[in-house]
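Take a look at the structure set out below.
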């Protein structure tokens, strides 16, 4: 057991050292989600702010409150999308090792295959948590400057949601990357996923504008429950500031911007979202275990 743990630690450290040695790669991995954040602030924010103001035309409402709602809505989307895109990009080490044959050399060593798989997963998880943690810190600094609406419990919850989202993303992207053989395939896939995932999980626009059938599809998109948790935690305080409005107006805002999930007529609240999110993580962990067992059996047959 100690030998396996020592081998696991050495492989994880090796993957992290290679990642950190590419300073340009580290920089751009961090820069990508921050660029999305700045694009939000420069372009999408005004569009959404005009949209939400139109909902209250003729109704007295504090503009700062509306601004806080849009800010927190955007930040929740940026952080939730970053967990997936950063994890996908961080799979580059695994893909390159397959492409260059390094992983074959590692597998020819006495190290067990599950240990090798676990080392790539853990290094990806560590990279995702670190980079997305910085993105979350930047988001919290922006909230503090623009208008703080979070409680201590919300911040703790956001950290927990980040850990769950990073774990889920590492499991999902790791499974998908097993089928990718070359760096060019990986680059193309990262581009497609980065462009599509934000729309599919309702991070770039309110899911209320989607047709009902599409809204049901989003329930099965990796990252949807992550986005829902971030929205709930980021926006709870801002939504509560709408208390002076009519109940109907407040509900309209909440329905449009908090990513409420409606499962065939039954509303899924924060607790249910967290439970389903945990269940999806367990499901992907099980798939990882199945892949490890199948891979081990195939390797035994070849030998």
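Quick notes on this one:
- Test result for residue 88, under 14 Å from residue 128 (Cα atoms), part of a helix (DSSP H, G or I) and touching a residue at least 24 places away in the same chain (Cβ under 8 Å): yes
- All of (1) part of a helix (DSSP H, G or I); (2) touching a helix residue (DSSP H, G or I) at 6+ places or on another chain (Cβ under 7 Å) hold for residue 111 with one exception: (1).
- Remark: residue 183 falls outside the filter, which requires a residue to be out of contact with any strand residue (DSSP E or B) (no Cβ under 7 Å at 6 or more places or on another chain), surrounded by fewer than 17 Cβ atoms within 10 Å (Cβ to Cβ), in contact (Cβ under 8 Å) with a residue 12 or more places away in the chain and under 26 Å from residue 241 (Cα atoms).
- Looking only at region 53-72, and only at residues there that are closer than 22 Å to residue 144 by Cα and at pLDDT below 75, the one that is surrounded by the fewest Cβ atoms within 10 Å (Cβ to Cβ): 62
- Taken together, the criteria place residue 265 among residues that are exposed (fewer than 12 other Cβ atoms within 10 Å of the Cβ) and modelled with pLDDT under 70.
- Residue check, residue 150 touching a helix residue (DSSP H, G or I) at 6+ places or on another chain (Cβ under 7 Å), farther than 22 Å from residue 19 by Cα and outside any helix (DSSP H, G or I): yes
- So residue 53, is it assigned to a helix (DSSP H, G or I), closer than 30 Å to residue 143 by Cβ and free of Cβ contacts under 8 Å to residues at least 40 places away in the same chain: yes
- Every condition in (1) under 22 Å from the mean Cα position of the chain (by Cα); (2) modelled with pLDDT of 80 or more is met by residue 25 except one, and the failing one is (2).
- Put simply, of 105, 67, 97 the only residue that is in contact (Cβ under 8 Å) with a residue 60 or more places away in the chain and either under 29 Å from residue 187 (Cα atoms) or part of a helix (DSSP H, G or I) (or both) is 67.
The values are calculated or read from the model by the stated rules, or taken from the named source; none is laboratory data. Please read all numbers here as calculations on a predicted model, not as lab measurements. FYI the Cβ positions are ideal-geometry reconstructions off the backbone, even for glycines, and counts take in every protein chain you see.
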